[in-house]
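Visitor: Let me begin by handing over the structure; questions about it come next.
The values are calculated or read from the model by the stated rules, or taken from the named source; none is laboratory data. Source: prediction; values computed, not measured. As a convention, Cβ positions derive from the backbone with ideal geometry for all residues, glycine included, and neighbour counts pool all protein chains shown. Ligands, DNA and RNA are stripped out before the accessible areas are found, and what is left, the full protein with its side chains, is counted by its heavy atoms. Shrake-Rupley method; radii C 1.70, N 1.55, O 1.52, S 1.80 Å.
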Amino acid sequence: MYPVKRSSARLELRELTIEDVDAVLSIYGSPEATEHLSFEPRTREQVGHIVARSIASATAEPRSEYALALVERGTNGLIGFGRLAMDLHQQRAATFGFALRPDAWGVGYGVETVRLLLALGFEELGLHRIWGARSPLNEASEKTMRAAGMIEEGTIRGHIEKAGRWRDSVVHSILEDEWRRLG
C-alpha cells in the first residue's frame, strides 16, 4: 500500500520525504527523546540514511515496513515518527514503534499516534496482531499503549543493549478482534 495517508482529529500519518531529515533528527538526535528507545541519539548522517531507506522501502513489493512521518494537521509540522514492520515470525502480525519530539509530549499525541498505527494495521493491512516493546522505565509509553487498548503481555529479559548495558523490554499487544471492540 503506497502512499499511506491516515489522519485523526489533530494528526496525520504520511510517507516520509527527504525534506524530513532535519525534523526526524530533532527526535532521533535528541538525548531526551531517545532516552527510552533502543538506540543512542543519531547523527544527521545516520538520520539521512534512515529516511532514505524508509523512502526506498515504501515502494517495495511486497511492502514489509511502514516508516511514516507524524504531522500536526493544519501546520504540517513533523512532530513524530511511527513505524509498522511485518513480523516474519508470525502470521498477519507486525511490530510497531513511535517517537515524538519532547515538546509534543503530554498532550495526548502519543495515544493518537498509536491509534493511527493500529488503524493502519488492522483496517488497511488486515493484520491479526500488533505488538510493541518499551523500556520498563518508560511509564508514559505504558500509559499510552494501555490507553490505546493494548494489553501488557510480559517482559523480554536482556532484550536491548544500550550504552554497554543490557535492558529488559516490556511487550504490549492488541488483537484484531480487541481493536474492533474498541470501535
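Visitor: What spacing in nm lies between the two simple spin-label points modelled at Glu19 and Arg181, each 7 Å away from Cα in the Cβ direction?
Guide: 4.4 nm
Visitor: What FRET efficiency comes out for the pair Ala52/Ser8, r = Cβ-Cβ distance, R0 = 25 Å, nearest 0.05?
Guide: Working: r = 27 Å, r/R0 = 1.10.
About 0.35, to the nearest 0.05.
Visitor: Can you tell me how much longer the chain between Asn138 and Trp105 gets when fully stretched, taken as 0.36 nm per residue apart minus their C-alpha distance, in nm with one decimal? Don't jump to the answer; show the numbers that get you there.
Guide: Values: separation 33, 0.36 × 33 = 11.88 nm, distance 1.28 nm.
Between Asn138 and Trp105, full extension yields an extra 10.6 nm.
Visitor: How high is the relative contact order of region 75-183? Use alpha-carbon pairs under 8 Å, at least six apart in sequence, and give a whole percent.
Guide: Reported relative contact order: 23 percent.
Visitor: Considering Cα pairs under 8 angstrom that are at least six residues apart, work out the relative contact order of region 22-124 and quote it in whole percent.
Guide: 21 percent
Visitor: Write down the accessible area per residue of region 67-117 in Å², having rolled a 1.4 Å probe over the full set of protein chains. Don't skip to the answer; put the middle values down first.
Guide: On the way: 2280 Å² over 51 residues.
That works out to 45 Å² per residue.
Visitor: Then there is this: Which values, in whole Å and largest first, are the semi-axes of the equivalent ellipsoid of the chain obtained as the square root of 5 times each eigenvalue of the Cα gyration tensor? Before the final figure, lay out each step's value.
Guide: Values: eigenvalues 95, 87, 58 Å².
Equivalent ellipsoid of the chain: 22, 21, 17 Å, largest first.
Visitor: For Glu112, tell me the accessible area in Å² from a 1.4 Å probe, rounded to the nearest 10.
Guide: 30 Å²
Visitor: So what is the relative contact order for the chain, in percent, with contacts set as C-alpha pairs under 8 Å and at least six apart? List each step's numbers first, then the result.
Guide: Numbers: 324 pairs, mean separation 32.8, N = 183.
Once normalised by length, the contact order is 18 percent.
Visitor: Return the calculated 222 nm mean residue ellipticity for the chain, to the nearest 500 deg cm²/dmol, obtained by summing -39500 (n - 2.57) across DSSP H runs with n ≥ 4 and dividing by the residue count.
Guide: Working: 5 runs with 49 residues, N = 183.
After summing the helix terms and dividing by residue count, I get -8000 deg cm²/dmol.
Visitor: Taking 0.36 nm per residue of sequence separation and subtracting the Cα-Cα distance, how much length would be gained by fully extending the chain between Ile160 and Phe39, in nm to one decimal? Don't skip to the answer; put the middle values down first.
Guide: Values: separation 121, 0.36 × 121 = 43.56 nm, distance 0.87 nm.
Here the answer is 42.7 nm.
Visitor: Let me ask something else. I'm a student and want to see the number: the projected area of the Cα convex hull of region 88-183, averaged over all directions, in nm². Show your work: numbers first, answer last.
Guide: Working: hull surface 27.5 nm².
The number I arrive at for region 88-183 is 6.9 nm².
Visitor: How much length is gained if the chain between Arg92 and Asn76 is pulled fully straight, taking 0.36 nm per residue apart and subtracting their Cα-Cα distance, in nm to one decimal?
Guide: Details: separation 16, 0.36 × 16 = 5.76 nm, distance 3.17 nm.
Gain on extension, Arg92 to Asn76, equals 2.6 nm.
Visitor: By what distance, in whole Å, do the Cα atoms of region 133-183 stretch along each of the three principal axes, largest value first?
Guide: Sorted from largest, the Cα extents of region 133-183 read 43, 18, 12 Å.
Visitor: So, one more: Counting only protein heavy atoms and using a 1.4 Å probe, what share of the accessible area of the chain belongs to carbon plus sulfur, as a whole percent? Provide the component values of the computation, followed by the final result.
Guide: Working: 4830 of 9590 Å².
Ligands and nucleic acids excluded, carbon and sulfur give 50 percent.
Visitor: I've got another one for you. Suppose all protein chains stay in the model; what accessible area per residue would a 1.4 Å probe give for region 1-46, in Å²? Mind showing how you got there, number by number?
Guide: Values: 2630 Å² over 46 residues.
Per residue, region 1-46 has an accessible area of 57 Å².
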